[in-house]
1. For the chain, which whole-number percentage of the solvent-accessible area (1.4 Å probe, protein heavy atoms only) is attributable to carbon and sulfur atoms?
2. Would you mind getting the Kirkwood hydrodynamic radius of the chain from its Cα pairs, rounded to one decimal in Å?
3. Per residue, how much accessible area does the chain have with a 1.4 Å probe, in Å²?
4. Would you please put 59-67, 86-94, 74-82 in order of how densely packed they are, using the mean number of other Cβ atoms within 10 angstrom per residue and starting with the highest?
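The values are calculated or read from the model by the stated rules, or taken from the named source; none is laboratory data. Note that the structure is a prediction, hence the values are computed from the model and not measured. In this analysis, Cβ positions are derived from the backbone assuming ideal geometry, glycine residues included, and neighbour counts consider all displayed protein chains. Keep in mind that these areas ignore ligands, DNA and RNA; they rest on the heavy atoms of the full protein, side chains included. Shrake-Rupley method; radii C 1.70, N 1.55, O 1.52, S 1.80 Å.
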Amino acid sequence: MPTLAAEDVYALAPYAKTLGVVFDEMTPAGVRATLAHDHSLSTVGGGLHGGALMGLADVSAAVCAALNGPAGAAPATVESTTHFLRPARTGVVATARPLRVGRNTVIEVDVHDADGELCARVTQVVTAVAPKTATA
């Protein structure tokens, strides 16, 4: 199974660093990542924008899928469903875990606020894209 460090993710997917995602745990069994509340990521009422929550969930799911996929393959989200359950007015923690591992891996991500309240649940189907090889 592949291994990844946060710097690997930031190099492959710079958006994760731009958004401010911090990885606390990255294993095939699960990925835990945090996103601090920042006014620049907020919307009406001071809650984190849904796009920021979805970005955090997408990056977490992709890393989880990559850790469960073939070495060298890149994750590509092919389907994503997000259920927003409550506003996130604090920093958030995303926990991604594989539900099914295969060519198309299904990942579920729960996003909790600082009080432990579930703010969003995201289910994604992520496929493994083989690296392109150079032809002569």
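1. 57
2. 14.9
3. On a per-residue basis, the chain sits at 54 Å².
4. Highest mean packing first, the order is 59-67, 86-94, 74-82.
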